[in-house]
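Enquirer: One structure follows; several queries about it will come next.
The values are calculated or read from the model by the stated rules, or taken from the named source; none is laboratory data. Here the structure is a predicted model, which is why all the values come from computation and not from measurement. With ideal geometry, Cβ positions are generated from the backbone for all residues, glycine too; neighbour counts draw on all protein chains shown.
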Amino acid sequence: MADARPMPAADWKQSVVYQIYPRSFCDSNGDGVGDLPGITSRLDYLKALGVDVVWLSPVYRSPNDDNGYDISDYRAIMDEFGTMADFDTMLAGMHARGIRLMMDLVVNHTSDEHPWFQQARQSRDNPYHDYYIWRDMPADSSLPNNWEAAFSGSVWEPNPATGEYYLHMFSKKQPDLNWENPKVRQEVYALMRFWLDKGVDGFRMDVINMISKPAGLPDAPVIRAGHLQPSFGMVTNGPRLLEFLREMKAQVLDHYETLTVGEAPLATIQQGQDITNVYTGALNMLFQFEHMDLDAIPGDGRGKWALKPLALTDLKASMSRWQDALWQTGWNSLYLSNHDQPRPVSRWGDDGVYRVASAKMLATFLHGLQGTPYVYQGEELGMTNVRFARIEDYRDIETLNMYREAVQDRHEAPAEVLARIHVKSRDNARTPMQWDATAHGGFTTGTPWMQTNPNHTEVNAAQARDDADSVWHYYRRLIALRKQLPVLVEGRYALLQPEDPNVYAYIRTLGDEVLLVVCNFTPREQVFVLPPNVAFEQQQLLIANYVVNAADSVRACTLRPFEARMLVLR
């Protein structure tokens with residue numbers, strides 16, 4: 001196959017990115033774990049879907065305390081996933097199909113099994129000791145501050161050999177790197193060059209806005225008396241963040257043609273503008289989480305597990321803020337799903353009667369916005385959350401720790417805790433990819449590392465590709481439209497009817513062309529009336545998830561359950 005390698009950098013705004021979680025994508029050798037040859041075997045599937053970029057979750061050597069986000073060797077491939085030769089074959093296969101590859105860059109922390117940390121923990125005089133963040137451990141073993149780690153417990157772990165605690169914002173096996181040390185930064189830049197020189201096309205940067213820690217590491221505000229306190233707010237806008245990112249850009253990114261996105265928990269509008277500013281920023285775009293927190297009770301110490309229904313008006317306000325703020329100053333990443341989030345069709349759609357309709361509606365809503373859409377594996381099939389009846393069937397460290405603390409420490413009812421897990425566990429996104437209706441969804445010929453969702457017999461890629469009206473074909477058409485219509489890429493966003501609690505409607509405008517997107521977010525019929533200030537003489541339906549009568553004017557229409565329409569108005 002001729003090398004069709006990748007579009008020029010100027011065209012990346014037209015791209016659609018597909019995220020692969022390699023452990024769950026495709027197993028080539030029957031050991032129950034997805035691998036690089038498995039990905040290579042499915043590249044024609046991605047080409048047929050029409051995606052331009054793959055974001056590959058970590059494939060580096062790792063002890064897998066956090067499924068590869070704990071890295072012990074940045075320049076080696078995890079044995080379960082294959083070899084470096086397998087990686088090179090996969091990368092060549094992507095480039096031959098015109099698909100770019102973004103690696104997952106995880107440099108806020110390493111594994112505690114990384115050689116740097118193995119050296120660092122031996123003594124305070126070790127040259128690698130200052131690669132990490134330490135505090136003295138007093139005789140009473142009191143903690144340096146009140147911060148709670150993302151996966152529960154304190155962020156501080158004792159290191160008896162040096163009489164210190166080390167900082168870990170996530171698992172105790174994920175010690176945070178000390179970015180204040182210039183040697184650490186140069187190590188990071190060197191490993192980035194290693195992968196860019198191999199031909200990768202950019203990076204998704206894991207929790208990149210956490211690399212600059214505040215001076216003194218002060219206590220977090222108390223929102224749960226007598227407990228450790230949520231700490232992300234203390235480290236997601238550190239004093240040297242932009243300095244570090246701009247240094248990375250000057251020393252590495254400016255010397256390659258790259259596509260970059262930074263994961264930025266708790267990012268503010270200002271941070272989004274600063275990081276992605278085309279003139280003074282460092283990255284092409286970022287992942288902000290504001291809309292991902294809308295179905296959790298604000299300020300509740302249980303975090304994302306404190307469930308509440310989504311209010312569509314909140315979603316409108318959040319998405320619109322970012323659409324407006326980054327217009328011609330930065331660039332949005334558009335996502336409803338990834339390896340850390342539940343399946344959107346179960347979360348904000350209907351994974352029962354209206355699974356197909358609501359999956360298409362959510363796709364229409366997202367892909368009509370201004371920014372770069374991300375499709376997480378299986379999203380294009382309308383894959384759903386899984387509802388395992390036993391905690392033993394879950395694998396995610398965050399989920400297992402939460403269950404243990406809730407049931408054993410707080411004596412909550414196991415059934416109630418499982419109900420929250422069914423809604424919000426990260427494992428909802430990590431069940432194996434459903435390729436066909438055979439055993440284990442065609443993911444493996446062996447025993448999968450985590451059980452396949454039982455609905456794989458009805459929801460799978462083989463069935464979807466054979467059905468012209470499937471979610472998969474709908475995604476394929478949406479992705480094609482982005483390449484055909486400049487208004488989808490460059491058009492200015494404007495929200496319509498912000499107070500409507502049921503219908504999300506907006507327009508995109510580029511010159512004389514107006515794109516209208518109308519989405520019913522409910523399982524009931526809704527009447528939509530176009531505001532009179534949106535003037536047009538003709539309408540052209542581009543895509544819809546129901547059959548629409550050509551004579552049905554969008555000025556006033558009845559939308560069926562989870563109905564979505566995208567039109568051009570002239």
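Enquirer: Mind checking which residues of the range 358-376 are among the small types (G, A, S) and surrounded by fewer than 24 Cβ atoms within 10 Å (Cβ to Cβ)?
Expert: Matches in the range 358-376: G371 only.
Enquirer: Anything in the range 198-216 that is farther than 16 Å from A150 by Cβ and either more than 22 Å from the chain's Cα centre (by Cα) or part of a loop (DSSP other than H, G, I, E, B) (or both)? List them, or say none.
Expert: Scanning the range 198-216 gives K198, G199, V200, D201, S212, P214, A215, G216.
Enquirer: Additional query: Consider only pairs whose beta carbons are under 6 Å apart and that are at least six residues apart or on different chains; among these, list those whose first residue lies in the range 251-262 and is under 19 Å from N277 (Cβ atoms) and whose second residue is hydroxyl-bearing (S, T, Y) and not in a helix (DSSP H, G or I).
Expert: V261/S333
Enquirer: Follow-up question, since we're still on this one. From G226, G238, grab the single residue that is assigned by TED's automatic domain parsing to the domain that holds N64 and either under 14 Å from N108 (Cβ atoms) or aliphatic (A, V, I, L, M) (or both).
Expert: G238 is the lone residue from the list that is assigned by TED's automatic domain parsing to the domain that holds N64 and either under 14 Å from N108 (Cβ atoms) or aliphatic (A, V, I, L, M) (or both).
Enquirer: Which numbered condition trips up A415, out of (1) crowded, with 22+ Cβ neighbours inside 10 Å; (2) hydrophobic (A, V, I, L, M, F, W, C); (3) out of contact with any helix residue (DSSP H, G or I) (no Cβ under 8 Å at 6 or more places or on another chain)?
Expert: (1)
Enquirer: Determine which member of the set R121, R135 is among the charged types (D, E, K, R), over 30 Å from Y18 (Cα atoms) and buried (at least 19 other Cβ atoms within 10 Å of the Cβ).
Expert: When all the criteria are applied, what remains is R121.
Enquirer: Can I ask one more? Checking L478 against (1) touching a His at 6+ places or on another chain (Cβ under 8 Å); (2) surrounded by fewer than 18 Cβ atoms within 10 Å (Cβ to Cβ): exactly one of these is not met. Which one?
Expert: Condition not satisfied by L478: (2).
Enquirer: Something else: Would it be correct to say that Y18 is buried (at least 18 other Cβ atoms within 10 Å of the Cβ) and not in a loop (DSSP other than H, G, I, E, B)?
Expert: yes
Enquirer: Within the set of pairs 6 or more residues apart or between chains, which connect a residue that is more than 16 Å from M361 (Cβ to Cβ) inside the range 501-522 to a residue that is surrounded by 24 or more Cβ atoms within 10 Å (Cβ to Cβ) with Cβ atoms less than 6 Å apart?
Expert: Once the first residue is more than 16 Å from M361 (Cβ to Cβ) and sits in the range 501-522, its partners that are surrounded by 24 or more Cβ atoms within 10 Å (Cβ to Cβ) give L515/R508.
Enquirer: Six or more apart or on different chains, Cβ atoms under 6 Å: show the pairs whose first residue is in the range 374-392 and at positive phi and whose second is crowded, with 23+ Cβ neighbours inside 10 Å and assigned to a helix (DSSP H, G or I).
Expert: If the second residue must be crowded, with 23+ Cβ neighbours inside 10 Å and assigned to a helix (DSSP H, G or I), the pairs left are G382/V345; G382/A359; G382/V471.
Enquirer: Right, something else. Here are G30, G34: which of them is surrounded by fewer than 24 Cβ atoms within 10 Å (Cβ to Cβ), among the small types (G, A, S) and more than 30 Å from A120 (Cα to Cα)?
Expert: None of the others qualify; the one that does is G30.
Enquirer: If you don't mind, another one. Out of curiosity, is V471 in contact with a strand residue (DSSP E or B) (Cβ under 6 Å, 6 or more places away or on another chain), β-branched (V, I, T) and either over 29 Å from P432 (Cβ atoms) or not assigned by TED's automatic domain parsing to the domain that holds A556 (or both)?
Expert: It is false that V471 is in contact with a strand residue (DSSP E or B) (Cβ under 6 Å, 6 or more places away or on another chain), β-branched (V, I, T) and either over 29 Å from P432 (Cβ atoms) or not assigned by TED's automatic domain parsing to the domain that holds A556 (or both).
Enquirer: Going by what's in this entry, would E290 be described as more than 30 Å from P414 (Cα to Cα) and at pLDDT 95 or above?
Expert: No: the conditions fail for E290.
Enquirer: Separate question: Using the structure shown, decide if K198 is among the basic types (K, R), touching a strand residue (DSSP E or B) at 6+ places or on another chain (Cβ under 9 Å), assigned by TED's automatic domain parsing to the domain that holds M319 and surrounded by fewer than 18 Cβ atoms within 10 Å (Cβ to Cβ).
Expert: Considered against the rule, which asks whether it is among the basic types (K, R), touching a strand residue (DSSP E or B) at 6+ places or on another chain (Cβ under 9 Å), assigned by TED's automatic domain parsing to the domain that holds M319 and surrounded by fewer than 18 Cβ atoms within 10 Å (Cβ to Cβ), K198 comes out as no.
Enquirer: I would also like to ask the following. Would you check if there is a residue in the range 48-66 being buried (at least 22 other Cβ atoms within 10 Å of the Cβ), of a type in the set (F, W, Y) and either more than 27 Å from Q451 (Cβ to Cβ) or modelled with pLDDT under 95 (or both)?
Expert: no
Enquirer: Scan the range 274-289 and give yes if some residue there is over 17 Å from the mean Cα position of the chain (by Cα), of a type outside the set (V, I, T) and closer than 29 Å to Q229 by Cβ, otherwise no.
Expert: Looking through the range 274-289, at least one residue is over 17 Å from the mean Cα position of the chain (by Cα), of a type outside the set (V, I, T) and closer than 29 Å to Q229 by Cβ.
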